[in-house]
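Scroll down for the structure; my scribbles are underneath it.
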């Protein structure tokens, strides 16, 4: 009887042990499965790239000024200034009553119909010079001035104070000859300046030249 009871109790204990072991196995399997699912759903870690610090120094926007731009106006002003300086230098190197008088006119702006240093046109400038330097009153229009001079004078015979005329279809411009193929006149774009008869524009538009009989310069040969 005791033996049967012992066997019965031993069998019961074995059943309990097996049952507990089975439960632990199932629980471990469930835990492992949950861990595997969690690992599968997690995003893959991305590699971190470390950039090397740049060797260039950052610019200070407050202290950095943009480069100055040359505008058309600045360039034109510089060119005009050079022309005026060149004209005055020429007059200084060729001193005479005429060149000394013309010095104060260099740079006077062109004004159609003008007769003063506030603004003057080509014939207005010539009229002022002839009146103040030579005491001669000339007609106001350049075309009429051409009629007042001796047109038999050749360009190679020009003397200081002679008049030079330009225009392909009649006279439309006049200037006063100086020396060395240079003449002073009122340019429509630069005002009163010294120019050369050798310049392409003046060569192409040259019309005639002449000597006024009352101008006391050297005789033409």
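The values are calculated or read from the model by the stated rules, or taken from the named source; none is laboratory data. The structure presented is a predicted model; accordingly, all values stated were derived computationally and were not measured. As a convention, Cβ positions derive from the backbone with ideal geometry for all residues, glycine included, and neighbour counts pool all protein chains shown.
Just so you know, in the range 199-221 the residues that are assigned to a loop (DSSP other than H, G, I, E, B) and modelled with pLDDT of 95 or more include one that is surrounded by the most Cβ atoms within 10 Å (Cβ to Cβ), and it is 212. For the range 132-179, the set of residues classified as loosely packed, with under 13 Cβ neighbours inside 10 Å, under 43 Å from the mean Cα position of the chain (by Cα), free of Cβ contacts under 8 Å to residues at least 24 places away in the same chain and assigned to a loop (DSSP other than H, G, I, E, B) consists of 169 only.
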